[in-house]
Each structure stands twice: as structure tokens, then as C-alpha cells.
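Let me begin by presenting the structure, written as C-alpha cells, before commenting on it.
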Amino acid sequence: MEASVTVGVVANPASARDIRRIVAKGGAVTTHDKLNRLQCVLAGLGAMGVERVISMSDRSGIAAGLQRLSTRASSESWPMIDFVDQTITGTKTDTTVATETMVKAGVGAIVVLGGDGTNRVVAGSSQDVPLVCLSTGTNNAFPRFTDPTVAGMAAGLVASNLDCRTAGTYRAKMLTVEHAGRVENAVVDVAVTSGDRVGSGAVWEMDSVLELFLCFAEPGAIGLSAVGAAVQPTTRRLPTGLNIRLGGTGDESDPSKPGSGERSPEQSSHEERVKAPIGPGLVADVTIKSVERLEPDAPVEVRSPAGVIAVDGERFFRFDSGDRPVVTLSGAGPVVTDVPAVIHFAATNGLFNSPSTAAHVANPAHDAEPKSETKPETRKR
Amino acid sequence: MTSLDRLAMYTEMVRIRQYETRILQEYHGDKTPAWDIGAGLIPGEMHLSAGQEPAAVGVCAHLKKGDAITAPHRPHHFALAHGVDMNAMTAEIYGRTTGLCKGKGGHMHLFDPENHFSCSGIIAQGYPVACGQALAMKRKGTDNVTVAVAGEGAANQGAFHESLNLAAVWNLPVIFVIEDNDWAISVPREASTANTSNADRAAGYGIPGVRVEDNDVEAVFEAAGAAVDRARSGEGPSLIEVHTLRLLGHFEGDAQAYRPDLETVDERDPIPRYAASLMEAGELTEAQADDIKAAADAEVDAAIQFAVDSPIPTPEDALQHVFA
Ligand SMILES: Cc1ncc(C[n+]2csc(CCOP(=O)(O)OP(=O)(O)O)c2C)c(N)n1
């Protein structure tokens, strides 16, 4: 049997709906917006000869919307859509299960619609499959603002053409934080905050941020990584990252207070204050105590005495005084797609010249039969 | 949020749960025949809120004297969390003259002017009323706020949309709360609602909308705190949708044959989960938890006793305190 070109689609129905809509000017990316973007992605995939799409299932209107739309005449050019047959929990487990199923099924790329948090979860299971990341979250440093039709075309090209894949994808950096047997990965940042509980998850009060570990800090991004961009811009393709200690506004003379830590006089004399866009509509004045380059594969201990670790802008777990979580930067993140680079490569190599070029190129990544145990259910055709 | 806030929220959730657990027993205790909802000491329908305590407790933790709540047909958790007197509320549920409405309202019609608490059996009815109350607060120049509560099913009523629009246009101090328990009686959300997130629907009216996904009282507390601050400081309305859990049937007597998630319902109960997390953090001990439960039970016993000992209205009372 001829191997068909398959692409996975993960659209997080819950992205861009957290407390930052109230405490900051977090925009609304509605389910309908997400469906619109997905339709563009599908048109792009179809045009590049992708025959089959595997979509995550959800109970929040995305899968149901796709199913409904795929019966309409306007979906004629789309690939066939299968939905992952999964138990829907309404949590990030759904994303993990969907990604794992897609990888097993041998997809050539996964299109991700979500913010940093969604990408972090997908990256946890995507292995070597290239991701095409479309921003639909609140804090978007990892996914870039990309036109969804173009992103769909790029995903189709990467999935079906080995040269495109070589020219237009790279392995991203990643941060790993380890503590008491717990391991969490981040695709943008690990923040140490002074709170003692996880609460609504989101981090928006800069006063509470004591320390930052950044994979990259690109000018133009919003969120915690913008603090790094304001002092030492660091691109996502560089092997190193940043470790920044922040001032907070607590009583500095009280050593029992988180944020005061042990610090030497010469470090405090280097303090500087910068303005950084840490959330939509939120430009914070941040006191920088120190900025250090984070070398790859060199574990660094968190220096704050106690607090809550936040991963990609979301609070995750608490550690107590005396505990020392360890953060490591590595080049072992997900494989991601540089959309303009793929399009550029395709254009200069004549891949747009014939409408079905891509479909005639053998699928480089997966020529075997899908190995999936969880058989995706066919809903279209 | 301090350790005291957390303990207070846990205590309140347990208080509500113990209350409803007891009401559940009392309600079924003397229904003969079992299907006759008019029979027994607690007459009429009964919609219990067990499993939805995080929504009420996380929101009400931010309210103060003078703030108002309009609740729906499933009102007990919001009533108790907002400080409605347990005795008067129980007497109302038992249809006694000492009840909040002198026994004329029953469990779906608890009106407490002192605490600005009201509820209604007509779904989404509280939304327009909340706008009215908020308008009054605004015009009086107070920093009070109104909380309007409805289920995700009610959010398909016109009144929901009209109220969001009005509150946005007039910049009213309202916090719209949607308790999304996945079911409107036997109708799952996706079968009735084109835009399955009410946080997104708020965006259509230019109101910030937040969805709290996992029935977590602390997450509700934070989102509600931000929304209440916003309303108090004149920034206008917000909507918070809490993805919560209906532990029991829609009403007492509902066999829930339509519900595929029944098996996992108990393991998703938010109260044991919260107790475990507080214990893990060293903020609650087993002994404390037992004391909290015992104190709640004692209060509930007293309220039930008060209701049972209170007079049943006479036929003449039926003509008292009515308009027409
Ligand atoms: C205007 C109106 N229409 C219909 C009903 C009948 N009814 C009572 S409860 C209910 C479903 C409410 O569902 P939801 O708003 O999700 O709240 P839940 O019961 O789940 O708490 C309906 C349709 C009613 N009470 N009022």
C-alpha cells in the first residue's frame, strides 16, 4: 500500500482564556477564530498534496466544528480528516495523548494552534516530528504570528519533502527543571516566583518573580522572556540562554523573605531597572540583579530560597526553603519549522510550479504503515 | 491568598457539602411514594449543588456587606457562601413561617434582602436583575458589586446576552459567573451551544471573559478577585466561567441514565481533592478536618431542628404578603 502524507493538528480549545484577560489586556481568540484558522491550514495542506489529517478530539467545539465544516462543499480541497479516538479529559492530557497518537501514526508534521503552554505540552511528546506553531495563546514567544494558510502550506511541504524539511526545520532549545523527582520542560522560560500556591496558574505580577531562566529572549516578544530581551537579546537559534535574578519589591533587609536571598554587595551595585512588556498591555519596571549566560547542558541551581516554579508563564509546583530545584538548558527541544524558510526554499526550488508537486515526492519520514494502536476514527469520506 | 484564606475556603466548602448531604437525606427520608415530590417534610423539587462548591466559595470570598448575588435554581452553595442565615434558609426549604419567604418560596426561591441574595427557578432570570442592582450601586456611588450566577445552559437564554450587552454599555459593576457543569438537565453543552465557551461569548460584548478549567477553588478565587477588583474600581463587568462538576442528578430523583461520565464522578469530587492538597502542603491536619466537619454538622443539625420546630403556615397565611 502506498504511504499517504499525513499531518497532525492540535488546536488547544482552552488557549487564550485565562485570567490574563482580566488582569491584562489578553485578547480573545475564540473557538470560531481557531476554526477559521484551521480551515486556512487545511486549505494550505490540501494544496500541498497532504491526503490525510489527524486532529485532536475535544468537547469544546473544535473537533465538532471541523467535522461539520468538512461535510461542506467548500472543504473539497482539504485532506481527509480523522479524529484521534481518545477519552476527553478537558486537560492537557488530551494534547499529550493526541500528540502521541499522531507520532505513532507516522505524521510528517504537526500543526499546533495555541500559546507557549500548548506548545510546551506538544513538545513533550512530539519526538522528531516537525512542529508548525501558530500563535493563538495569550503569551506568545514560542509560536510566531504566522498566516495560517501559509503555515498549512509549509507543514505540507515539510511533511512531504525531505529537502524542505532539512532546509526549513531545526531543533529548538528547551529548559528542564528537576525537583524532588519531578521533571518539567519549558520551551521558553522557567520562572521562580515568591508565591506559595499555584492558583490560577498564570504569572502576571512581576513583583513576585525572583529569578528567570530563558531559552531565548527575542526582541519583539511579549511575556517573561521580554525581560531578557530588554537586557540581553538572545535569539532562539543561539545555543545559550539566560539566567536573570530580579529585584522584587519586598523588604530587602528581611532575610526570611523570599527575594532577599544571599547576595554580595558588588552584585547589587550592578542593579539596573528596565521596562519590559511582560503581558498584553502590561509594561513593567523590573529590577535586574544579575544577568548570566546559561550554557547548554550545564545544570544550574535555583537560588531563591523558596517559592513556586512557573513553566512557560504558568505556575506549576512549590518548593520549600532548603530545597534547590535544578534547571538545565539543552538543545533537545522539539523540532520546529521556520515557515518563511520553508516557503523560500520551496519557491527557489520550483516546488510551487505544479499544483500537485508535493504529492509526487515520497514521504521521507515515514514510509511504513501507521503503527497506531489507537486507530483514529474516519469521519470524512 | 494566605493560608487562612485557604482554610476558610475549605471550611466553607465542607459546611455547604455537609448541609446538602443532610438535605439530601431528609428530602428522600419521607417521600412516599418515592416519586411524589410534593410528599414529605421538604416539598417540591430539589436541585443540589454538590460538586460546585468551588465556584461559590472562590467568588464569595471577595464579597463584602452590600454586595449582591442573583443565583439560579441551584442556589444553596451561593446562599450559604454569601452569608444567608442557615436557619431561615432551611425553614424556607421546609416551607415554614420562619423561612426567608415565610415558607412560600421553597428551595428555589430564597430571598434575603439583608444580604442582597435572591434566586429564581426561571433560568437566566437573575442576569437582568443583577444589572439593575449594579446600576443602583453605581448611581449611589458605592463600590459595591453584583454577582450574577447561571448555568451554561442558561447562557443560551436571550437574557444572558441582553445583560452582557447592557452591563458593557453602561459599564456596570457586575461579575457574571457561569457554572459550566457540562449538563443542562440531560442536554450536553455541545448539543445546545454554538460557541461552547462563554468566556469567548463575553468577548463579543467587549467584556473580559475567563474560563477556569478544573473546578479548583484557588483558581476561582484568583480570577474572581481580579474581576471583583475590576468592578469595584469602575472598570466594568467581567465574566468568569467555571468548569465545574454536578456530583448528583439535575434534581433529586433524576436517574441520570443519559450521563456517560457517571463512573468517574466521585473521583472528581473537588472537596477531598482540596483536603489532600492542603494536607500535603501542611496547612490542614486530619484532626482539623474532622473538627471542621463536626462543626458543620452541628450547625446543620441545629438548622434542621429549627426548621422542623417552626410553625407550618395556616391556610389563612396563603393570603398574607401576596400582591394579587
Ligand atoms: C426560562 C426557563 N426555561 C426552562 C426551564 C426549565 N429548566 C430548569 S433547569 C434547566 C436547565 C438549566 O441548565 P443550566 O443552566 O446548565 O444549569 P444547571 O441545572 O446545570 O445548574 C431548564 C431548562 C426554566 N426553569 N426556565
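The values are calculated or read from the model by the stated rules, or taken from the named source; none is laboratory data. In this text the structure is predicted, and so the values were computed from the model without any measurement. Here the Cβ is made from the backbone with ideal geometry for all residues, glycine too, and neighbour counts use every protein chain on show. Heads up: the accessible areas ignore ligands, DNA and RNA and are worked out on the full protein's heavy atoms, side chains in. Shrake-Rupley method; radii C 1.70, N 1.55, O 1.52, S 1.80 Å.
Checked against (1) out of contact with any Phe, Trp or Tyr (no Cβ under 7 Å at 6 or more places or on another chain); (2) away from every other protein chain (no Cβ under 14 Å); (3) at negative phi; (4) not basic (Lys, Arg), A:Cys164 passes all but a single condition, namely (1). For A:Lys92, the criteria (1) open to solvent by 30 Å² or more (accessible area, probe 1.4 Å); (2) within 14 Å of chain B (Cβ to nearest Cβ); (3) over 18 Å from A:Ser125 (Cα atoms); (4) basic (Lys, Arg) hold in every case but one, which is (3). When you scan region B:239-247, do you find a residue that is within 14 Å of chain A (Cβ to nearest Cβ) and assigned to a helix (DSSP H, G or I), even just one? For region B:239-247, residues within 14 Å of chain A (Cβ to nearest Cβ) and assigned to a helix (DSSP H, G or I): absent. Of the residues making up region B:85-103, those that are among the hydrophobic types (A, V, I, L, M, F, W, C), more than 16 Å from B:Val322 (Cα to Cα) and surrounded by 24 or more Cβ atoms within 10 Å (Cβ to Cβ) number 2. Test B:Thr70 against the stated conditions and say whether it is away from the ligand (no atom under 16 Å from the Cβ), β-branched (Val, Ile, Thr) and more than 14 Å from chain A (Cβ to nearest Cβ). Criteria not met by B:Thr70. Examine region B:49-62 for a residue that is surrounded by 24 or more Cβ atoms within 10 Å (Cβ to Cβ) and farther than 24 Å from B:Val212 by Cα, and state whether such a residue exists. No, the conditions are met nowhere in region B:49-62.
Selection within region B:199-211: residues that are within 7 Å of another protein chain (Cβ to nearest Cβ) and of a type in the set (A, V, I, L, M, F, W, C). The member of this set that is farthest from the chain's Cα centre (by Cα) is B:Ala203. The set of residues in region A:194-221 being within 13 Å of chain B (Cβ to nearest Cβ), modelled with pLDDT of 85 or more and either closer than 19 Å to B:Glu280 by Cβ or surrounded by fewer than 18 Cβ atoms within 10 Å (Cβ to Cβ) (or both) is empty. Scanning region B:1-50 for residues that are hydrophobic (A, V, I, L, M, F, W, C) and either more than 29 Å from A:Gly195 (Cα to Cα) or within 16 Å of the ligand (Cβ to nearest atom) (or both) gives B:Ile16, B:Ile23, B:Leu24, B:Ala34, B:Trp35, B:Ile37, B:Ala39, B:Leu41, B:Ile42, B:Met46, B:Leu48, B:Ala50.
I'd like to check something: does region A:115-122 contain any residue that is on the phi > 0 side of the Ramachandran plot and among the small types (Gly, Ala, Ser)? Looking for residues that are on the phi > 0 side of the Ramachandran plot and among the small types (Gly, Ala, Ser), one finds none in region A:115-122, hence no. Among the residues of region A:39-69, those identified as touching a strand residue (DSSP E or B) at 6+ places or on another chain (Cβ under 6 Å) and either facing chain B (nearest Cβ under 10 Å) or over 22 Å from A:Lys104 (Cβ atoms) (or both) are A:Ile62, A:Ala63. Just give me the residues in region B:184-196 being within 8 Å of the ligand (Cβ to nearest atom) and either in a loop (DSSP other than H, G, I, E, B) or more than 12 Å from B:Ala155 (Cα to Cα) (or both), in sequence order. Scanning region B:184-196 gives B:Ile185, B:Val187. Residues in region A:227-244 that are open to solvent by less than 40 Å² (accessible area, probe 1.4 Å) and either in a loop (DSSP other than H, G, I, E, B) or at pLDDT below 95 (or both): 2 in all. Of the residues making up region B:155-183, those that are within 14 Å of chain A (Cβ to nearest Cβ), surrounded by fewer than 21 Cβ atoms within 10 Å (Cβ to Cβ) and more than 16 Å from the ligand (Cβ to nearest atom) number 1.
Is it the case that region B:104-114 has a residue that's open to solvent by less than 20 Å² (accessible area, probe 1.4 Å), more than 14 Å from chain A (Cβ to nearest Cβ), more than 16 Å from the ligand (Cβ to nearest atom) and under 21 Å from B:Pro43 (Cα atoms)? Please lay out each step first, then the result.
We begin by selecting, within region B:104-114, every residue open to solvent by less than 20 Å² (accessible area, probe 1.4 Å); these are B:106-107, B:110, B:112.
In the following step, the residues that additionally are more than 14 Å from chain A (Cβ to nearest Cβ) were identified as B:106-107, B:110, B:112.
With the extra rule that they be more than 16 Å from the ligand (Cβ to nearest atom), the set shrinks to B:112.
With under 21 Å from B:Pro43 (Cα atoms) added as a condition, the list becomes B:112.
Yes: region B:104-114 contains one or more residues that are open to solvent by less than 20 Å² (accessible area, probe 1.4 Å), more than 14 Å from chain A (Cβ to nearest Cβ), more than 16 Å from the ligand (Cβ to nearest atom) and under 21 Å from B:Pro43 (Cα atoms).
Taking residues in region A:105-121 that are free of Cβ contacts under 8 Å to residues at least 12 places away in the same chain, and partners anywhere that are of a type in the set (D, E, K, R), not one pair has Cβ atoms closer than 7 Å while being at least 6 places apart or on different chains.
How many of the residues making up region B:1-45 are among the aromatic types (Phe, Trp, Tyr), touching a helix residue (DSSP H, G or I) at 6+ places or on another chain (Cβ under 7 Å) and in a loop (DSSP other than H, G, I, E, B)? Before the answer, list the steps.
Taking region B:1-45 as the starting set, the residues that turn out to be among the aromatic types (Phe, Trp, Tyr) are B:10, B:19, B:27, B:35.
Within this subset, residues satisfying the condition of being touching a helix residue (DSSP H, G or I) at 6+ places or on another chain (Cβ under 7 Å) are B:10, B:19.
Retained after the next criterion (residues that are in a loop (DSSP other than H, G, I, E, B)): none.
Going through region B:1-45 one residue at a time, the tally reaches 0.
Of the strands (runs of 3 or more DSSP E) lying entirely inside region A:266-333, those carrying at least 1 residues that are acidic (Asp, Glu) are A:272-279, A:282-294, A:314-319.
Of all the criteria given as (1) within 14 Å of chain A (Cβ to nearest Cβ); (2) in contact (Cβ under 8 Å) with a residue 24 or more places away in the chain; (3) in contact with a strand residue (DSSP E or B) (Cβ under 7 Å, 6 or more places away or on another chain), the one not satisfied by B:Gly236 is (3). Taking the numbered list (1) modelled with pLDDT under 90; (2) farther than 30 Å from A:Val29 by Cβ; (3) of a type outside the set (S, T, N, Q) in turn, A:Arg293 passes all entries but (1).
Taking the criterion of being open to solvent by 80 Å² or more (accessible area, probe 1.4 Å) and either within 12 Å of B:Asp216 (Cβ to Cβ) or among the β-branched types (Val, Ile, Thr) (or both), the residues of region B:268-293 that qualify are B:Arg268, B:Arg273.
Residue by residue, here is whether (1) within 21 Å of A:Pro296 (Cα to Cα); (2) in the same structural domain as A:Cys133 (by TED's automatic domain parsing); (3) not aliphatic (A, V, I, L, M) holds:
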| position | (1), (2), (3) |
| --- | --- |
| A:Leu157 | no, yes, no |
| A:Val188 | yes, no, no |
| A:Gly195 | no, no, yes |
| A:Leu210 | no, no, no |
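State whether one or more residues within region B:131-154 are open to solvent by 50 Å² or more (accessible area, probe 1.4 Å), within 15 Å of the ligand (Cβ to nearest atom) and of a type outside the set (Asp, Glu). No, the conditions are met nowhere in region B:131-154. The condition of being free of Cβ contacts under 8 Å to residues at least 60 places away in the same chain, open to solvent by 10 Å² or more (accessible area, probe 1.4 Å) and in a helix (DSSP H, G or I) holds for only one of A:Arg59, A:Arg68, A:Arg37, that being A:Arg68.
Sub-8 Å Cβ pairs linking a first residue in region B:62-81 that is at negative phi to a second residue that is aromatic (Phe, Trp, Tyr) and within 14 Å of the ligand (Cβ to nearest atom), at least 6 apart or interchain, are B:Ile69/B:Phe78; B:Thr70/B:Tyr127; B:Ala71/B:Phe78, ordered by first then second residue.
Filtered by the rule that a residue be of a type in the set (Lys, Arg) and touching a Lys or Arg at 6+ places or on another chain (Cβ under 8 Å), region A:316-340 gives a lone residue, A:Arg318. If you go through region B:218-249 and pick out every residue that is within 15 Å of the ligand (Cβ to nearest atom) and either closer than 20 Å to B:Thr196 by Cα or crowded, with 24+ Cβ neighbours inside 10 Å (or both), you end up with 7. Scanning region A:8-28 for residues that are touching a strand residue (DSSP E or B) at 6+ places or on another chain (Cβ under 9 Å), within 14 Å of chain B (Cβ to nearest Cβ) and free of Cβ contacts under 8 Å to residues at least 12 places away in the same chain turns up at least one hit.
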